[in-house]
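Take a look at the structure below.
The values are calculated or read from the model by the stated rules, or taken from the named source; none is laboratory data. Please read all numbers here as calculations on a predicted model, not as lab measurements. Neighbour counts are summed over all protein chains in view; Cβ atoms, including those assigned to glycine, are modelled from backbone coordinates with ideal geometry.
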Amino acid sequence: MLKIEHIGIAVSRFETAIPLYEKLLNTPCYKTETVASEQVNTAFFQTGDSKIELLESIREDGVIAKFIEKKGEGIHHIAFEVGDILAEMERLQKEGFVLLNKEPKKGADNKWVCFLHPKGTNGVLVELCQEIGG
Ligand code: ZN
């Protein structure tokens, strides 16, 4: 794992959350992107070497909507940048971690991503990510 690439935060509404995080971080949101397969809108902020990713559900029954219903708004996942996602997935599987997807999938921000089941990581949803073409 190379570094914390971003922290994902589940929010109810971009309309209020984006201006709030722009104020908090004192930097503009530089990109919003919809990831239809995950039923989310994403909004990105650069903070030094890492990013903040806000997540807003695009459906009432989407994963982020369900997360907020259960736990409220807040930290949803931590994403680590990896150099070789396939090798890292294989290594973690051998170590006994449960991968939520067997193949890397296309995430937001031009990344291949894979999630680890939070039951195996002390309740933290962990995302591996690698720049596509990087
Ligand atoms: Zn993420």
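Here are some notes:
- Flag for residue 124 being of a type outside the set (S, T, N, Q), part of a loop (DSSP other than H, G, I, E, B) and within 13 Å of the ligand (Cβ to nearest atom): yes
- Evaluated against (1) surrounded by fewer than 18 Cβ atoms within 10 Å (Cβ to Cβ); (2) modelled with pLDDT of 95 or more; (3) not in a loop (DSSP other than H, G, I, E, B), residue 130 falls short on exactly one condition, (1).
- Output for segment 35-81, where each listed residue is in a strand (DSSP E or B) and surrounded by fewer than 13 Cβ atoms within 10 Å (Cβ to Cβ): 74, 75
- The residue that is surrounded by the most Cβ atoms within 10 Å (Cβ to Cβ), among those in segment 1-34 that are touching a strand residue (DSSP E or B) at 6+ places or on another chain (Cβ under 7 Å) and part of a helix (DSSP H, G or I), is 21.
- Members of segment 41-61 that are more than 11 Å from the ligand (Cβ to nearest atom) and either among the aromatic types (Phe, Trp, Tyr) or touching a Cys at 6+ places or on another chain (Cβ under 7 Å) (or both): 43, 45
- Any hit, segment 5-24, residues being on the phi > 0 side of the Ramachandran plot and within 16 Å of the ligand (Cβ to nearest atom): no
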